[in-house]
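A.B. asks: Starting off with a structure, shown below.
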Amino acid sequence: MKNTLFTFSLIIFAACSSSQNTASKETENKDNTTKYAATITAENLKTHLYIFASDEFEGRETGKPGQKKAVKYLKDFYVSQEIKSPLGGDDYYQEVPAEFLNKNARGAELKDSENVLAFIKGTEKPDEIIVISAHLDHEGVKDGKVYNGADDDGSGSMAILEIAEAFKKAVKDGKGPKRSILFLHVTGEEKGLLGSKYYTENPIFPLANTVCNLNIDMIGRVDKAHKIDSNYVYLIGADKLSTQLHQISEDANTNYTNINLDYKYNDENDPNRFYYRSDHYNFAKHNIPVIFYFNGTHEDYHKPTDTPDKIEYNLLEKRTRLIFYTAWDIANREERLTVDTAVKK
Ligand SMILES: [Zn+2]
């Protein structure tokens, strides 16, 4: 009896001291996360987006001169931040050949295009990759009108730049992520999810080592259903392959951002079928867990009036931070995200 009691108190003692350690580590980690998330600002997002979605970029149509300006803008940003390319040296472009594009696209003949890739190597598990993606292309110029695509998907493209910058600041402080992060700007989305199709068929890192894909497509506006309370974002796909991913995302939001996470479009029976309609699906179909971040459609969707002056930058900042917090958790947790088939895809 005594003996047992002694063992029991030892266990209690061990448990307490280890939980204290865990608690202080958690506090430290939380402070760090908040500090780096704070570098993602409405002002920076606005500065970038007013250029990226300006008339000068001519609607960034796949293979056209405006799209070439867009990829250069992205590359120049990464070079300026000293964030490297996984392709090595000065080459931030994964060529997506015209032949591939035209085999898969309908409509006019497309020219060679490119995905833009940047990379932060993990400190402890560098072979495990988290992909954060958004499409860099849009609809181009039609009838002399520029389709600026500020929300679609300038908002997601600029969100990635800010997330990358936040992670890079952590690296500079010696607090870099344990796992690696690939910042993937895909082309040809508007032509049929082609850049992401190309990447997943010609991955730079094995898909088996790709932990998850957080895909951002339109997060700068408010749809009709949320005019009264705009503090929301639609999440699609989070629970379909990994219940753990869904929980991490929920926890990140509860702990830090407190956005209303709207799962309306996550419903298998939703007629819009958004789960199948952006680049994340090319990852999901390879059994890689995904989250698709989306604000829903609005009156300027796929119109020349999708301009940067209509973006709600404070909201864009908040949604971008949520994605950063989620990525931070997935990158730094002890164990790799588990895939289960609790919900079939
Ligand atoms: Zn889009």
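A.B. asks: Please enumerate the residues belonging to the stretch 23-71 that are surrounded by fewer than 15 Cβ atoms within 10 Å (Cβ to Cβ) and within 29 Å of Ala105 (Cα to Cα).
C.D. replies: Correct list: Asp55, Glu56, Pro65.
A.B. asks: Which residues, taken from the stretch 185-216, are in contact (Cβ under 8 Å) with a residue 24 or more places away in the chain, part of a loop (DSSP other than H, G, I, E, B) and either within 16 Å of the ligand (Cβ to nearest atom) or more than 27 Å from Glu139 (Cβ to Cβ) (or both)?
C.D. replies: Thr187, Gly188, Glu189, Glu190, Lys191, Gly192, Leu193, Ile204, Phe205
A.B. asks: Filter the stretch 304-344 down to the residues that are under 18 Å from the mean Cα position of the chain (by Cα) and acidic (Asp, Glu) and list them by number.
C.D. replies: Within the stretch 304-344, Glu317, Asp329 meet the criteria.
A.B. asks: Would you check which residues across the stretch 262-287 are part of a loop (DSSP other than H, G, I, E, B) and within 16 Å of the ligand (Cβ to nearest atom) and list them?
C.D. replies: Of everything in the stretch 262-287, those that are part of a loop (DSSP other than H, G, I, E, B) and within 16 Å of the ligand (Cβ to nearest atom) turn out to be Asn272, Arg273, Arg277, Ser278, Asp279.
A.B. asks: Do we find a residue being without any contact (Cβ under 8 Å) to a residue 60 or more places away in the chain, surrounded by 14 or more Cβ atoms within 10 Å (Cβ to Cβ) and within 21 Å of the chain's Cα centre (by Cα) anywhere in the stretch 104-119?
C.D. replies: The answer is no; no qualifying residue exists.
A.B. asks: Pairs only if they're at least six apart or on different chains, beta carbon under 6 angstrom, first in the stretch 296-308 and surrounded by 15 or more Cβ atoms within 10 Å (Cβ to Cβ), second part of a loop (DSSP other than H, G, I, E, B) and of a type in the set (A, V, I, L, M); list them, first residue then second.
C.D. replies: As it stands, the answer is Pro308/Ala53, since those pairs meet every condition given.
A.B. asks: Follow-up. Within the stretch 53-80, which residues are assigned to a loop (DSSP other than H, G, I, E, B) and among the small types (Gly, Ala, Ser)?
C.D. replies: Hits for the stretch 53-80 are Ala53, Ser54, Gly63.
A.B. asks: Considering only the stretch 217-234, state which residues are among the hydrophobic types (A, V, I, L, M, F, W, C) and within 16 Å of the ligand (Cβ to nearest atom).
C.D. replies: Within the stretch 217-234, Met218, Ile219, Val233 qualify.
A.B. asks: Give the residue, chosen from Thr320, Thr297, that is assigned to a loop (DSSP other than H, G, I, E, B) and either over 22 Å from Ile132 (Cβ atoms) or touching a helix residue (DSSP H, G or I) at 6+ places or on another chain (Cβ under 7 Å) (or both).
C.D. replies: Exactly one residue qualifies, and that residue is Thr297.
A.B. asks: Can you name every residue in the stretch 149-169 that is within 11 Å of the ligand (Cβ to nearest atom) and at negative phi?
C.D. replies: Across the stretch 149-169, the qualifying residues are Asp151, Asp152, Asp153, Gly154, Ser155, Gly156, Ser157.
A.B. asks: A follow-up question, please. Just to be sure before I move on: is Thr123 in contact (Cβ under 8 Å) with a residue 40 or more places away in the chain, closer than 21 Å to Gly88 by Cβ and within 16 Å of the ligand (Cβ to nearest atom) in the structure I sent?
C.D. replies: Taking the combined requirement at face value, the residue does not satisfy it.
Read-outs: derived from the displayed coordinates by stated rules, not from any lab. All values reported here derive from a predicted model rather than from experimental measurement. Methodologically, a virtual Cβ is constructed for each residue, glycine included, from the backbone with ideal geometry; neighbour enumeration extends over all protein chains shown.
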